[in-house]
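Notes to accompany the following structure.
Nothing in this text is a laboratory measurement; each read-out follows from the coordinates by a stated rule. Treat the numbers as computed from the prediction; the structure is a model and nothing was measured.
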Amino acid sequence: MKKKAIFWGLVFGGLTVFSQQDAQYNLYQFNQMVINPAYAGARDAIAAVCDVRKQWVGFDGAPTTAAFSIHSPVLNKKVGIGLNALSDQIGAKSVTAVYANFSYILKLSGKFKLSFGVRAGYNSYKFNFNKVNYRDGNETALTDLASTNRGTFDMDAGLYLKSNTFYVGVSAAHINSGVLYKSSFQQMSTTGTINDYSLSYSLVPHLFLTMGKSFVVNENFLISPSVMVKFSQYKPSLDVNLNFFLSQRIWLGAFLRNGNAIGGLCQVYLTKQLRLGYSYDLGLGKINTLGSSHEVMLGFDFGNSKTKAVSPRFL
C-alpha cells in the first residue's frame, strides 16, 4: 500500500496532474525520431523501430509506453519523410498519437549534413475517472466525467546537424500547446458541501537539446559520450551518457539522469540491418522507492547493408 500511495501522490494532487507528460526514453540516441522530426532520413535507409518501455515496475498504474517509427530519405536524399505512432499509459490517463514527419536535408562542407524538420499529427487523450483513488473513499466521479476522451492537433519542429562521428540536435515538442480537455463541474461531498472543481489538460511545450561525439580508438573500439537536456515549464531534465562501440557490432553504455537515476544500456547488431537494444535504470536515494524501469527496442534498416568501420552507427 505504501508504494501505491506514493505513486498516486505523484500522479494526482486533487485533480491536478503533476506526473511526466511525455514518455521517457533511455534509448533515444539510437532512435532520435522519437524526440526530433529533423532526424527523418538521417540513417540513409528505410529505418523502422519498435520501442517498448515499462517504467517503475511493480507499481499499479505505472507508465507503460509503446512507440513505432519509420522514416527514409527520398528525392536523392534531399528530403526525409516518416511516420511516428505512440501509445502511452500512466494511471488513469492514456495517450495515443500519430504523426507525419518531413525534413529537408542540406549537404554542407566536409561530411556534415543539416536537416530542418517538422511533424504534425493528432494526439488523442483518454482519462478514466473510475481508476482514480479518491482521498475520501465515499466520493465517486460524476457520471458524465467517468470516461473522458478528447483529441487535438499537435506539432513539433527541429534541427539536426550530423557527421559520421558527431551530432547535435535541437527540437521543440507541442509548439502549438494544444488543449486536450477543459471543464468545470461541481461535486457534493459526504458532508453535503458542494465543491467546485476545474479540470484541464494541455500539451506543454518541451525543448530538447542532444549532442554526441565519437572518438575512434581503433576500428573495433569507439568511445562516445553524449548528453540530452530537456526543458519544460515543470523541471529541466539532464541525461549524461558514456557509450562504447565494440567490434563494429555491440554498443555498451551507462547513463546518469538528473543525479537521481542511473542505468545501463546495450545495442547489438544481430545482422547489418537488424539491431536489438535494451536498457535498465534504477532510481537513487528517495527515488529508489519508485522501482526499476526496462526498455526494449528493435530496429531494422531496409536496404542499408554497408558496414562503416569508423561510424558511431547511431547517427
Amide proton proximity set for Gly291, modelled H, under 5 Å, gap of 5+: Gly283
Largest-first ellipsoid semi-axes for the range 226-288, taking √(5λ) over the Cα gyration tensor eigenvalues, angstrom: 27, 13, 10
Where N is the number of residues in the range 14-115, Cα Rg divided by 2.2 N^0.38 Å: 1.29
Sequence-distant residues sharing a close amide H with Ala261 (under 5 Å, placed H): Leu284
Under-5 Å amide H pairs with Asn176, H placed in peptide plane, nonlocal only: Met155
